[in-house]
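Please treat every number below as a calculation from the coordinates, not as lab data. This one's a predicted model, so the numbers in the text were calculated from it and none came from an experiment. Every residue, glycine among them, receives a Cβ derived from its backbone with ideal geometry; neighbour counts consider all protein chains shown.
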C-alpha cells in the first residue's frame, strides 16, 4: 500500500522501517533453505561449497546425491514407510477432526471451550512430552494387540505410529474446519431439512461442498505434520517403521551423508506445492462464503 501524500515523517519512517524488518526476518528464515538447495547438487561428498561450485563450473555440480536417494534401499524403504503412514494418518485425522469441528460448532454442546482445548492440546503441548506419553500408552496397546490378538510386531508398529500421527494432525483439521464453519450459513441446512433431505444427505450435498476447502487445508497440514515428524516415530516405532525424517536424522548423527541435502531439497519443493495449494483453497473458501470478490 502506497503512503498518502500527507503522511508525516514518523509515519514514513515506520512505513519503510516495517518493511526493512519484515525483509530481515524473511531473509533469516529463507537463507538457510537457499543455501541447502545448491549444496544438494555438489559433485563432491562435502557439506560446503567447493571452488568449482563457487566458479559456477559445471564439473562442480552433479545429481549423484539424488541418484543415491532414488537407488539406495535404505532411503527408499524410509520413503515407502512415510507414504504408508502419512496418508492413512491424514485420512483418520480429517475424518475425526471434521466430525469434531462440526459437533463443536453446535451451540447446544456443553463445555465446548474445554473440549476444544483438550482436542487441540497436541498442538500446544511440547512434542517431547506428547511422545513420552504416547510411548507408555502405545506400548501397552501394542502388547495387547500382539499377545491377545496375535498380530505381528511390524503391523502393530505401523498401527501405533499411524494412530499417534493422526492424533497430532487432528488439531490442524479442527482449527481449519472451525474457521470455515464461522461463515457458514446454517439456514442452508434448515432449508435442506425442510425439503425432505436427511442429515447425511444434507451434510454431503449442502455442508461438505462449502467447508471442503477447510477440510482439504486441514488434511494438507495433517499430512505435512505426519510426513515431517520424527520425535514420536523414534519413541514408539522400530527399525522396520523408519520414516524419511528418521533416516535423515540417522544420516546426520551417524553417516554424515550428503544425500540428506537432496532429500531436504525435495521436501522443500513438496512443502512449497502443498502450501501453495492451501493458499488457493483459502481464497476459494473466501469466495464461496462471499468474503472476497470473485
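For the pair residue 151 and residue 20, label points projected 7 Å from Cα toward Cβ lie 5.9 nm apart.
Judged by the gyration tensor of its Cα atoms, with axes a ≥ b ≥ c, the stretch 141-289 is oblate; a/c meets the 1.5 cut and b/c is at least as large as a/b.
Please state the relative contact order of the chain as a whole percent: Cα pairs under 8 Å, 6+ residues apart?
26 percent
Rg then Dmax, both in Å and based on the Cα atoms of the stretch 39-149: 23.4, 68.
Could you calculate the FRET efficiency of residue 67 with residue 132 from 1/(1 + (r/R0)^6), where r is the beta carbon distance between them and R0 is 45 Å, rounded to 0.05? Rounded to the nearest 0.05, the efficiency is 0.70. Panel order for 50, 277, by other beta carbons found within 10 Å of each beta carbon, from fewest to most: 277, 50. Centre-to-centre, using Cα atoms only, the stretch 201-252 and the stretch 151-182 are separated by 7 Å. Within the listed set 188, 281, 267, the Gaussian network model of the chain (springs between alpha-carbon atoms below 10 Å) gives the highest mean-square fluctuation for 188.
Treating each Cα of the chain as one equal point scatterer and applying the Debye formula with no solvent, the log10 of I(q)/I(0) at q = 0.08 Å⁻¹ comes out as -0.51. Once you've got the GNM for the chain with C-alpha springs shorter than 10 Å, pick whichever of 61, 138, 16 has the biggest mean-square fluctuation. Maximum fluctuation in the GNM of the chain, among the listed residues, is at 16.
Once fully extended, how much extra length lies between residue 83 and residue 36, figured as 0.36 nm per residue of separation less the alpha-carbon to alpha-carbon distance?
Gain on extension, residue 83 to residue 36, equals 14.5 nm.
If the segment from residue 27 to residue 182 were pulled out straight at 0.36 nm per residue, it would be longer than the present Cα-Cα gap by 52.3 nm. With the simple model of a label 7 Å out from the Cα in the direction of the Cβ, residue 275 to residue 143 spans 4.3 nm.
Structural size metrics of the stretch 114-211, computed from C-alpha coordinates, are Rg and Dmax of 19.3, 53 Å.
Size estimate for the stretch 182-267 follows the Kirkwood approach: the inverse of mean 1/r over distinct Cα pairs works out to 16.6 Å.
A Gaussian network model of the chain, with springs between Cα atoms under 10 Å, assigns the largest mean-square fluctuation among 179, 13, 276 to 13.
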